[in-house]
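Undergrad: After the C-alpha cells below, expect a handful of questions from me.
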Amino acid sequence: MKADSERSASSFGGLDGKVAVVTGAASGIGESIARALAKAGAAVAIADRNWAGANAIADEIAEAGGKALAVMMDVTDEDAVNSAIDRVAATFGAIDILVSNAGIQIVSPIDQYAFADWKKIQAIYVDGAFLTTKAALKYMYQGDRGGAVIYIGSVYSHEASPLKSAYATASHGVLGFARAVAKEGAMHNVRAHVVCPGFVRTPLLDKQIPELAKASGLSDERVVKEMMLCDTVDGVFTTLDDIARTVLFLSSFSSAALTGQSVLVSHGWHMQ
Ligand code: NAD
C-alpha cells in the first residue's frame, strides 16, 4: 500500500497517459472541459452529435500539440454510444474519465409542456448518463483500473425553476444516478461526481434568454438580472473556465476520499 504522503503527492497530478471522453464537447462547457483535459495531458475524445463541430475541436487540440479524437455520438442511442466508446478505447487503450455533459434546454409551463419534449430532455440527460456510463464502466472495471465519471448537472439538480420542469426532473435524476455509480463503482476504484454550474454564457444559454423573456413577459435584461443571477452573491455569471477547472480537479483527485459529491459552481447560488 502507498504511504499517505506518496498518495497525496499523486492526488493532484496532471493527466498524462489518461484517456477522457467528453460528451457534448463540440460547444460551450463540454468544449472548454475537453480543451482543459487535453492541456493537462489526457487524450480526449470529443463526443458529439455535431460531427463537423467535434472534428473542428479535435483538430484544434491536435494542432496545439494535444491528443484528441472526434467521435460521432448521440447519447440517447445505445448502439452509437457503445460503438463510440469502444472506438475511443481501441484508439487510446482505455477509458479513465467520462464527462457526461451533452444537453439541451426546452422551456415551457408544465400545462403546455409537449410530452415529446419532456421525453427528449429525459432521454438526453437520464438515458444519456446511463448509456455512456455503462459503456465506459466496461473499461474502467477491467482489472479494477478505475476512473472518474463526472456529470454536468445544474443548480437545478438541487432546486427547481418555473418553465424548466423537465430539466429540473432530469437534473435531480442525474444526481441520484451519480450517487449510485459512486457506491457501485467504489469496489472497482471508480469515483463519480456531479458538477452543478450556475448560469454560464454558452449558445444554450444565449438561446434561452429570449425564450424566457417571451414566456415570462420580461425584457432580456430583466431575465438575466431577476431570473438568472438574482440569487448569486455578486450578480456574476459562472465562466467556462470555472467549470473546466472544477472538472479537472475532480478528475485528477485519485482516491475515494472524494466521491459521490455534488459541487455547485454558482457564485453562491444555492448553498448546501
Ligand atoms: P451548448 O449548447 O453550448 O452545448 C451542448 C452540446 O451538446 C452541443 O455541442 C450539442 O451538439 C451537444 N448535444 C446535444 N444533444 C446531444 C446528444 N443527444 N448527443 C450528443 N451531443 C448532444 O450547451 P452548454 O451550455 O455548454 O451545456 C452543456 C451542459 O451544461 C448541458 O448539460 C447543460 O444542461 C449544462 N448546464 C449549462 C448551463 C449554462 O448556463 N450554460 C448551466 C448549468 C448546466
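Undergrad: How many of the residues making up segment 89-104 are crowded, with 18+ Cβ neighbours inside 10 Å and within 21 Å of Phe177 (Cβ to Cβ)?
TA: So the count comes out to 9.
Undergrad: OK, next. Of these, Lys119, Lys134, which one is in a helix (DSSP H, G or I), more than 13 Å from the ligand (Cβ to nearest atom) and surrounded by fewer than 20 Cβ atoms within 10 Å (Cβ to Cβ)?
TA: Working: Lys119 fails: more than 13 Å from the ligand (Cβ to nearest atom).
None of the other options fit; the residue is Lys134.
Undergrad: Could you tell me how many of the residues in segment 160-201 are in contact with a Pro (Cβ under 9 Å, 6 or more places away or on another chain) and polar (S, T, N, Q)?
TA: Step one: list which residues in segment 160-201 are in contact with a Pro (Cβ under 9 Å, 6 or more places away or on another chain), which gives 162-163, 165.
Within this subset, residues satisfying the condition of being polar (S, T, N, Q) are 165.
Qualifying residue count for the region: 1.
Undergrad: Checking Ser171 against (1) within 14 Å of the chain's Cα centre (by Cα); (2) touching a residue at least 60 places away in the same chain (Cβ under 8 Å), only one condition comes out false. Which one?
TA: (2)
This table checks each residue for (1) more than 12 Å from the ligand (Cβ to nearest atom); (2) buried (at least 19 other Cβ atoms within 10 Å of the Cβ); (3) of a type outside the set (Val, Ile, Thr).
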{"residue": "Gly30", "(1), (2), (3)": "no, yes, yes"}
{"residue": "Ile33", "(1), (2), (3)": "no, yes, no"}
{"residue": "Leu37", "(1), (2), (3)": "yes, yes, yes"}
{"residue": "Gly41", "(1), (2), (3)": "yes, no, yes"}
{"residue": "Asp59", "(1), (2), (3)": "yes, no, yes"}
{"residue": "Leu69", "(1), (2), (3)": "yes, yes, yes"}
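Undergrad: Which of (1) touching a residue at least 40 places away in the same chain (Cβ under 8 Å); (2) within 13 Å of the ligand (Cβ to nearest atom); (3) out of contact with any strand residue (DSSP E or B) (no Cβ under 7 Å at 6 or more places or on another chain); (4) in a loop (DSSP other than H, G, I, E, B) does His270 not meet, given it meets every other one?
TA: Failed condition: (3).
Computed from the coordinates by the stated procedures, all read-outs in this text should not be read as laboratory data. Model, not experiment: these values are computed from the prediction. Glycine also receives a Cβ, built like all others from the backbone with ideal geometry; neighbour counts cover every protein chain displayed.
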